[in-house]
Amino acid sequence: MTTGQNDKRGSQHKNEKIARAIEALADLLPDETANRDLIVEVLDSAMGLPDTKLNRGELKILRSSLHDFVNAFDTFADYRQLPKVSIFGSARTPPGSPLYDHTKAFAAALVEAGFMAITGAGPGIMQAGNEGATREHSFGVNINLPFEQSSNPYIHDDPKCINFHFFFARKLAFVKESHAVVLCPGGMGTMDEGFETLTLIQTGKRNPIPIVLLDVPGSSYWIEWEMFVRDVLYGKGLISADDFNLFRYTTDIEKAIYEIQLFYKNYHSLRYIGSEVILRLKKPPTQALIDEINSRYRILLASGDFAIAEEPEIDEDTDIEYFGIRFHFVQRRFGTLRRMIDTINMTDL
């Protein structure tokens, strides 16, 4: 693991006595500790709290938030290299119903395809996801509520079942750890999670991932939802036509799995270097592919052309070599970027 260039930077706290104390604490860390500079920054921030106007309630929020984040990040760390899919949907969907059984079958198919499942650990669709994926291949990110919910029996007391105090920390864990998001019919919570994921991708705060709207044959839930999005949000000029590329709808489990697998056939990730974007690929792009995307997707270019990156990049966690396409990206066109990724993945290289 790379430790970073600033690992030895000392405390920047304005009080010299506190700065020395922070340095003394940092010196107690083992020599091989990575990211020492960031740990020192966290200590600096904590010791700066007495100089703020935060009250006791606000400090409690900070404390609980930090606990939520550290617990979640640490739990997922051992599974960082395994692809994971978040499954959202109603807590009120009863076992044995068509949607419950459909979700359970989908989660089982996910595991067969090499993915792990992440659910909210509660009843309904969440339980179906954990049951289908099995305890071994699933996570639960449970929220502590005054009236519900205890984790479902298929993930309860598992080390991979994480309890959260705050919804915002829980949602960050969902989106941060997921290689794809699958939305099943649900209520306000499902809409919240779905729209937040779409917003993060639409605004570039989260790199593109597949978003699949999954339902049972004969149901009109997502059809009616898309009509609302098209007639009201798009119809009133509140979103663009480009945004409809950010999600896919299906009732077919195999098609849902294929949509997720296709996204990662060649595409790996996106990286920003100043105003330039590096689109990382598993296979080296051909000049024919570069010519095609220069022809079809120039609307994404702020300037210049799409070009093959000069050197492959080595992932610091896996040592795997990735190839790149460089370009200066026009922000707010992430739906078109999503279509270009599909083009790249469907091109035989």
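The values are calculated or read from the model by the stated rules, or taken from the named source; none is laboratory data. Here the structure is a predicted model, which is why all the values come from computation and not from measurement. Glycine gets a Cβ as well: all are built from the backbone with ideal geometry, and neighbour counts include every protein chain shown.
Tabulated results
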{"quantity": "Answer residue from the range 310-334, given it is touching a Phe, Trp or Tyr at 6+ places or on another chain (Cβ under 7 Å) and surrounded by 16 or more Cβ atoms within 10 Å (Cβ to Cβ) and is modelled with the lowest pLDDT among those", "calculated": "Glu313"}
{"quantity": "Ile223 vs. criteria assigned to a helix (DSSP H, G or I) and either within 30 Å of Asp68 (Cβ to Cβ) or of a type in the set (Phe, Trp, Tyr) (or both)", "calculated": "no"}
{"quantity": "All positions within the range 197-220 that are in contact with a strand residue (DSSP E or B) (Cβ under 9 Å, 6 or more places away or on another chain), farther than 25 Å from Ala72 by Cα and in a loop (DSSP other than H, G, I, E, B)", "calculated": "Asp215"}
{"quantity": "Candidate set: the range 65-100, residues that are farther than 22 Å from His165 by Cβ and assigned to a helix (DSSP H, G or I); chosen: the one farthest from the chain's Cα centre (by Cα)", "calculated": "Pro98"}
{"quantity": "Check on Tyr322, in contact with a strand residue (DSSP E or B) (Cβ under 9 Å, 6 or more places away or on another chain), over 18 Å from Gly204 (Cβ atoms) and not in a loop (DSSP other than H, G, I, E, B)", "calculated": "yes"}
{"quantity": "The range 184-234 - residue that is of a type in the set (Gly, Ala, Ser) and within 25 Å of Asn345 (Cβ to Cβ) and, of those, modelled with the lowest pLDDT", "calculated": "Gly204"}
{"quantity": "Selection count, the range 238-270, where residues are surrounded by fewer than 17 Cβ atoms within 10 Å (Cβ to Cβ), under 20 Å from Leu200 (Cβ atoms) and of a type in the set (S, T, N, Q)", "calculated": "2"}
{"quantity": "Residue match in the range 303-317 (condition: under 20 Å from Phe263 (Cβ atoms) and either assigned by TED's automatic domain parsing to the domain that holds Asp242 or touching a helix residue (DSSP H, G or I) at 6+ places or on another chain (Cβ under 6 Å) (or both))", "calculated": "yes"}
{"quantity": "The range 313-349: number of residues that are acidic (Asp, Glu) and without any contact (Cβ under 8 Å) to a residue 60 or more places away in the chain", "calculated": "5"}
{"quantity": "Residue check, Leu172 of a type in the set (A, V, I, L, M, F, W, C), within 18 Å of the chain's Cα centre (by Cα) and over 24 Å from Asp252 (Cα atoms)", "calculated": "yes"}
{"quantity": "Qualifying positions in the range 40-61 - over 32 Å from the mean Cα position of the chain (by Cα) and not in a helix (DSSP H, G or I)", "calculated": "Thr52, Lys53, Asn55"}
{"quantity": "Residue in the range 179-196 that is part of a helix (DSSP H, G or I) and under 21 Å from Tyr79 (Cα atoms) present", "calculated": "no"}
{"quantity": "Tally of residues being more than 30 Å from Ser219 (Cα to Cα) and surrounded by 16 or more Cβ atoms within 10 Å (Cβ to Cβ) across the range 72-114", "calculated": "3"}
{"quantity": "Residue in the range 133-144 that is surrounded by fewer than 16 Cβ atoms within 10 Å (Cβ to Cβ) and either in contact with a helix residue (DSSP H, G or I) (Cβ under 6 Å, 6 or more places away or on another chain) or free of Cβ contacts under 8 Å to residues at least 12 places away in the same chain (or both) present", "calculated": "yes"}
{"quantity": "Which listed residue is hydrophobic (A, V, I, L, M, F, W, C), part of a loop (DSSP other than H, G, I, E, B) and in the same structural domain as Val182 (by TED's automatic domain parsing), from Ile257, Ile239", "calculated": "Ile239"}
